[in-house]
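Student: Structure provided below as structure tokens; questions to follow.
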């Protein structure tokens with residue numbers, strides 16, 4: 001199974017992500033973004049602007065997923081950061097499927113909520129306690 005990385009390009013000036021993408025080779029993908037080969041003009045423009053101002057944009061890994069599931073996970077993270085106020089230059093995170101248009105972020109969230117509920121029952125803790133612990137862990141480790 002081939003692993004794919006969901007990544008965000010972090011803007012250190014604004015302290016937020018400005019792009020979320022997926023790749024099997026993060027190092028090569030960052031180089032493509034910084035050189036402008038195979039990237040959106042908005043991404044390249046933002047990178048150029050940051051570098052001119054003395055900031056170094058950072059590629060941060062958000063998740064490792066099976067390549068076959070990369071689009072739905074990428075959509076989830078796009079939705080996540082948009083909902084948390086990050087000004088992403090990505091196109092919409094609504095992905096087309098044979099049965100029509102679906103919001104992948106919402107369906108992943110529902111699936112994760114079911115898994116969280118099951119784990120909370122196994123551990124004998126309230127779902128809110130488990131979610132809070134997971135959230136605290138994510139916040140501590142997300143921006144390292």
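The values are calculated or read from the model by the stated rules, or taken from the named source; none is laboratory data. Because the structure is predicted, anything quoted here is derived from the model rather than measured. Using ideal geometry, Cβ is built from the backbone for each residue, glycine included, and neighbour counts are taken over all protein chains shown.
Student: Could you give me the residue pairs with C-beta distances under 9 Å whose first residue belongs to the stretch 30-52 and is at pLDDT 85 or above, whose second residue is assigned to a helix (DSSP H, G or I) and surrounded by fewer than 13 Cβ atoms within 10 Å (Cβ to Cβ) wherever it lies, and which are 6+ apart or on separate chains?
Tutor: Every condition considered, the pairs that remain are 34/51; 44/35.
Student: Any residue at all in the stretch 7-17 that is assigned to a helix (DSSP H, G or I), in contact with a strand residue (DSSP E or B) (Cβ under 9 Å, 6 or more places away or on another chain) and either surrounded by fewer than 18 Cβ atoms within 10 Å (Cβ to Cβ) or in contact (Cβ under 8 Å) with a residue 40 or more places away in the chain (or both)?
Tutor: Looking for residues that are assigned to a helix (DSSP H, G or I), in contact with a strand residue (DSSP E or B) (Cβ under 9 Å, 6 or more places away or on another chain) and either surrounded by fewer than 18 Cβ atoms within 10 Å (Cβ to Cβ) or in contact (Cβ under 8 Å) with a residue 40 or more places away in the chain (or both), one finds none in the stretch 7-17, hence no.
Student: Follow-up. When residues of the stretch 88-100 are filtered for being surrounded by 10 or more Cβ atoms within 10 Å (Cβ to Cβ) and modelled with pLDDT under 90, how many remain?
Tutor: 7
Student: Please go through (1) within 24 Å of residue 18 (Cα to Cα); (2) assigned to a helix (DSSP H, G or I); (3) modelled with pLDDT of 70 or more for residue 140 and return the number of the only condition it doesn't satisfy.
Tutor: Result: residue 140 passes all but (3).
Student: Let me ask something else about it. Out of all the residues in the stretch 53-66, which are in contact (Cβ under 8 Å) with a residue 40 or more places away in the chain and loosely packed, with under 13 Cβ neighbours inside 10 Å?
Tutor: Passing the criteria: 53, 56, 61, 64, 66.
Student: If you go through the stretch 55-73 one residue at a time, how many are over 15 Å from residue 34 (Cβ atoms) and part of a loop (DSSP other than H, G, I, E, B)?
Tutor: Result for the stretch 55-73: 0.
Student: Collect the residues in the stretch 22-69 that are touching a helix residue (DSSP H, G or I) at 6+ places or on another chain (Cβ under 7 Å) and closer than 19 Å to residue 81 by Cα, keeping them in residue-number order.
Tutor: The answer is 22, 23, 43, 47, 57, 59, 61, 62, 63, 65.
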